[in-house]
Amino acid sequence: MRFAFHPDAEQELNQAVDYYNDCQPMLGWDFAREVYFTIQNILAYPQAWIPLSKNTRRCLVNRFPFGVIYQIKREEVLIVAVMQLNRKPGYWKSRITDKH
């Protein structure tokens with residue numbers, strides 16, 4: 001199975017990496033690595049994580065207060081958001097195709 005980022009999710013990831021690198025050198029790299037480990041877990045077990053709607057799920061990132069919001073679309077996982085957990089819940093819902 002492969003994955004792709006929603007453009008806004010990719011921007012969120014890049015902004016978070018920059019933020020963490022500003023906080024401490026190489027911390028952004030650690031964050032990006034944890035996000036990609038999370039995505040690998042999602043690809044291995046796409047149905048295992050918390051359902052948020054019919055086709056949308058969330059998997060938490062280790063060490064950082066973030067979750068990866070994703071949809072399973074045929075043979076692809078679409079990363080809808082790289083969400084900071086203390087951010088307004090549901091801000092990403094306009095990015096998904098099902099709103100159940």
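Coordinate-derived values only; no laboratory data. Because the structure is a prediction, the values reported are computed rather than measured. Here Cβ is always computed from backbone atoms with ideal geometry, including for glycine, and neighbour counts include all displayed protein chains.
Taking amide hydrogens as placed 1.01 Å from N in the peptide plane, the amide H of Phe3 sits under 5 Å from those of Val77, each at least 5 positions away in sequence or on another chain. Remark: relative contact order (the chain) = 30 percent; criterion is Cα-Cα distance under 8 angstrom and separation of 6 or more residues. Taking amide H atoms as placed 1.01 Å from N in the peptide plane, the amide H of Val61 lies under 5 Å from those of Phe66, Gly67, Val68, each 5 or more residues away in sequence or on another chain. Applying the criteria of a DSSP loop state and at most 15 other Cβ atoms within 10 Å to the GluC sites (Glu not before Pro) of the stretch 1-51 yields no site.
What is the sum of charges around Phe64, taking Lys and Arg as +1, Asp and Glu as -1, for the other residues whose C-beta is under 12 Å from the C-beta of Phe64? Show your work: numbers first, answer last.
On the way: positive: Arg33, Arg63; negative: Asp30, Glu34.
Once all neighbours under 12 Å are counted, the net charge is 0.
The residues Val35, Val82, Val68, Val17, when put in order of fewest to most other Cβ atoms within 10 Å, stand as Val17, Val35, Val68, Val82. When Ile79, Ile96 are sorted by how many other C-beta atoms sit within 10 angstrom of their C-beta, beginning with the fewest, the order is Ile96, Ile79. Looking at the chain alone, DSSP beta bridges between its own residues are antiparallel in about 80 percent of cases. Ranked by Cβ crowding within 10 angstrom, fewest neighbours first, how are Tyr70, Tyr19 ordered? Final ranking by Cβ density, sparse to dense: Tyr19, Tyr70. Each residue of the stretch 44-55 was assigned a 3J(HN,Hα) from its phi angle through the Karplus expression (A = 6.51, B = -1.76, C = 1.60, θ = phi - 60°), giving 6, 9, x, 8, 7, 9, 4, x, 10, 7, 3, 10 Hz with x at Gly and Pro.
Sort out for me the Cα centre separation of the stretch 1-43 from the stretch 67-99, rounded to whole Å. Comparing the Cα centres of the stretch 1-43 and the stretch 67-99, I get a distance of 14 Å.
Return one quarter of the surface area of the convex hull spanned by the alpha-carbon atoms of the chain, equal to its mean projected area, in nm².
Averaged projected area of the chain's Cα convex hull equals 5.9 nm².
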